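Below you'll find the structure, written out as structure tokens, and then a few comments.
The values are calculated or read from the model by the stated rules, or taken from the named source; none is laboratory data. Bear in mind the structure is a predicted one, so any value in this text is a computation, not a measurement. Virtual Cβ from ideal backbone geometry, glycine too; neighbours counted across all protein chains shown. Ligands, DNA and RNA are stripped out before the accessible areas are found, and what is left, the full protein with its side chains, is counted by its heavy atoms. Shrake-Rupley method; radii C 1.70, N 1.55, O 1.52, S 1.80 Å.
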Amino acid sequence: MPLGPLRPSPLVEQATAHLREQITGGAWPVGTKLPGETTLAASLGVGRSTVREALRALAGAGLVRARQGAGVFVVAAEPQEDWAAKLRRAAVTDVYEVRIGIEVEAARLAARRRTDDDVTALTAALAGRRDAAGAGDAAFVDADIALHAAVVAAAHNPVLSALFTEFVPALRRGLIDMLQLLALRSDDPNHGDDSHARLVDAVVRGDGDAAGRTLRAELEETLARLTRP
């Protein structure tokens, strides 16, 4: 699999792609020491700085690793799957189990840290969820997620917020499927309103224990529905 010179264009991306092909195609098996930067630069027809950036990208994908004083070695034949891709493939029940841990802690923190603006946002989100009761399942789920997002935002922890955002696409699909499969809104279009109202009330009152208990009970009830044969 000859490397060959590259065409002018985003050279780092091209160099990364060519070097990745050498690895995933088996030309450089796991354990192989890569040629030096000067050799790679000459083979690809680029500068050493471009090769260096390409190697960083490959290291970020988990394909190579630099060893101090020894060089750069192939450590995997396939790139590591990123977090978003893993979530897309994950079972909604697995996502939900992790969601419980994240959101329950967020609810406790939100009760301690909520600001006047957060209270306004939570009240509006609860009203939006109620308004969506007359809409279809997808719109109702979106309004439900918006309320949960408002609780997480009130915790004022950017890591919790980022984690919740990553979960949203998988949660949305799973919740829409569950509502349609179990017809949960056929008798109660605003399914879960009481528990969500109690959650908002607990956060607004600053009662972290009540907020955590309320949210855990609600999420565990949903998880039980998802795992029920």
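Structure summary
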quantity	calculated
Relative contact order of the chain, pairs being alpha-carbon contacts under 8 Å that are 6 or more residues apart, as %	20
Protection-proxy order for peptides 157-165, 102-110, each taking the mean of Cβ atoms within 10 Å per residue, highest first	102-110, 157-165
Modelled FRET efficiency - R0 25 Å, residue 177 with residue 135, Cβ distances, 0.05 increments	0.90
Overall Cα dimensions of the chain - principal axes, largest extent first, Å	68, 38, 31
Fraction of accessible area attributable to carbon and sulfur, the chain (%, probe 1.4 Å)	53
Sites residue 32 and residue 98, calculated FRET efficiency, Cβ-Cβ separation with R0 25 Å, nearest 0.05	0.10
Peptides ranked, highest mean first, by Cβ atoms within 10 Å: ranges 56-64, 211-219	211-219, 56-64
Rg(Cα)/(2.2 N^0.38 Å) for segment 124-208, N = residue count	1.11
Per residue solvent-accessible surface (Å²) - the chain, probe of 1.4 Å	52
